[in-house]
Amino acid sequence: MKMKRPHVVTLSDAAVALLEAYTPEDMREGLIFRGLRGKPLTDMALSQTMRSAGRTETVHGFRSSFRDWAAEKMPTIPAMVAEMALAHKVGTATEQAYLRSDLRDMRRALMEAWGRHVAP
């Protein structure tokens, strides 16, 4: 992560179902998508995978699509929640000092809606 701190990803039920169907049980703890040496994937790994598959979409494009969708289709969810889902810093330094929550329940609800959107 660019921010050098752990980021817990909240997954939709659809994403969890896919992982359960296609991931061996011994790989369901900790990192889901590991690099070759068992470490987190680098920021370029997905980009390289997309290029190898002959795709022109970008990782940033996926993230941007999610953010646009959240703004347009989830207006009752605070923008801060979508930003946190993308592991972005939110608020001023003072706000960051006082906001101790990662808003996990709200992020989970947002990702559940996203899961329904991308995998109806």
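Given the conditions (1) in contact with a Gly (Cβ under 8 Å, 6 or more places away or on another chain); (2) at pLDDT 85 or above; (3) within 21 Å of D102 (Cβ to Cβ), which single one is not true for V9?
(1)
Here is a list of conditions, (1) surrounded by 12 or more Cβ atoms within 10 Å (Cβ to Cβ); (2) of a type in the set (A, V, I, L, M, F, W, C); (3) free of Cβ contacts under 8 Å to residues at least 12 places away in the same chain, and I77 meets all of them except one; can you say which number that is?
(3)
Please verify whether A45 is surrounded by 14 or more Cβ atoms within 10 Å (Cβ to Cβ) and at pLDDT below 90, treating the condition exactly as stated.
Judged against the criteria, A45 is a match.
Considering only residues that are touching a helix residue (DSSP H, G or I) at 6+ places or on another chain (Cβ under 9 Å) and not in a loop (DSSP other than H, G, I, E, B), which ones fall in the range 34-48?
R34, L46, S47
Residue check: is R51 closer than 27 Å to L103 by Cα, part of a helix (DSSP H, G or I) and of a type in the set (D, E, K, R)?
no
Residue check, L99 against (1) more than 18 Å from the chain's Cα centre (by Cα); (2) loosely packed, with under 10 Cβ neighbours inside 10 Å, all met but one. Which one?
It is condition (2) that L99 fails.
Taking the condition more than 19 Å from A113 (Cβ to Cβ), at pLDDT below 90, not in a loop (DSSP other than H, G, I, E, B) and not basic (K, R), does L31 pass?
No.
The values are calculated or read from the model by the stated rules, or taken from the named source; none is laboratory data. These numbers were taken from a predicted model, which means no experiment stands behind them. Quick reminder, even Gly has a Cβ in these numbers, built from the backbone with ideal geometry, and neighbours come from all protein chains shown.
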